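Below: the structure, in structure tokens.
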Amino acid sequence: MGWLIRCTLAVLLVHSIQANSDEAPLTKLGAKTGPTLRFFYCYSCGYKKAFEQYVSILKQKYPELHVEGENFNPPGYNMLIAKVLGTLKILIIVLIVSGVDFGLPLTSIWQWCINNRFYSCILIFLIGNAIESQLISSGAFEIHFNDVPVWSKLETGRIPQPLELFQIIDFHLDMQFSEMDVGKIKFQT
């Protein structure tokens, strides 16, 4: 039974290391330069494709703009619960396939799972995936310009149209460059 706990912990450790290794690459100069537009989208809702379309549009219109995107993590403990549920799902499937006998009288549900391994594994897999998807679906499509929130689907209920996003970016670029020009005002004497 100790080996089962060690295997579970090893799977969780590897999964958490892989989740933390998705960092944005640096430019040739070794640092990010210029304005940055960051998208936080709900991957399970299918918004990654919308993000990729926006990236291609934005790279054509604003080549100096750095565009980054990542999954919007759900609030609270939903992500942790989903990870634990996913690990538990795999563990139960492994126990059913291996036909583990715990030395206790078998319940009718466990007996059915052992007798119908294929169906029970498929059923556990599909129900577990449905619950995990429900837990991690946020419906988010958030946009930040230089770490300042400029659009939130959670607040507006919709994704911005490209023209709206262009107006937002132009406004923030104008503000950024006007702040830089203020320090360069020369007084005539």
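As an exercise, use a Förster radius of 41 Å and the Cβ-Cβ distance of Asn129 and Glu64 to find the FRET efficiency, rounded to the nearest 0.05.
0.50
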Handout entry: In Hz, Karplus ³J(HN,Hα) per residue of the stretch 43-59 (6.51, -1.76, 1.60; θ = phi - 60°; x = Gly, Pro)
Key = 5, 6, 8, x, 7, 5, 5, 5, 4, 5, 5, 5, 4, 5, 5, 5, 5
Handout entry: Spin-label model distance (nm) - Ile109 vs Asp147, 7 Å beyond Cα toward Cβ
Key = 4.8
Practice task
Round to the nearest 10 and report in Å² the accessible area of Val84, as given by a 1.4 Å probe over the protein chains' heavy atoms.
Solution key: 80
Practice task
Go through the stretch 90-95 residue by residue and turn each phi into a ³J(HN,Hα) via Karplus (6.51, -1.76, 1.60, θ = phi - 60°); whole Hz please, and just put x for glycine and proline.
Solution key: 5, 4, 5, 5, 4, 5
Problem - Environment charge of Glu132, counting only residues whose C-beta is closer than 12 Å and scoring Lys/Arg +1, Asp/Glu -1 - result: +2
Handout entry: Amide H contacts under 5 Å for Glu68, placed H, 5+ residues apart
Key = Leu37, Arg38, Phe39
Handout entry: Residues of the stretch 33-55 with amide N under 11 Å of a point placed 7 Å along Cα→Cβ from Ser137
Key = 44-46
Practice task
Just list whichever of Lys49/Lys83; Lys59/Lys83; Lys49/Lys89 have alpha carbons separated by over 27 Å in the model shown.
Solution key: Lys59/Lys83; Lys49/Lys89
Exercise for the section: Could you pull out which residues in the stretch 132-163 have an amide N less than 17 Å from a spot 7 Å beyond the Cα of Leu91, following the Cα-Cβ vector? Expected result: 132
Handout entry: Counted charge near Ile169, where neighbours are those whose Cβ lies closer than 12 Å (Asp, Glu -1; Lys, Arg +1)
Key = -3
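The values are calculated or read from the model by the stated rules, or taken from the named source; none is laboratory data. Keep in mind that what you see is a predicted model, and the values were worked out from it rather than measured. As a convention, Cβ positions derive from the backbone with ideal geometry for all residues, glycine included, and neighbour counts pool all protein chains shown. Only protein heavy atoms, including side chains, enter the accessible area calculation; ligands, DNA and RNA are left aside. Shrake-Rupley method; radii C 1.70, N 1.55, O 1.52, S 1.80 Å.
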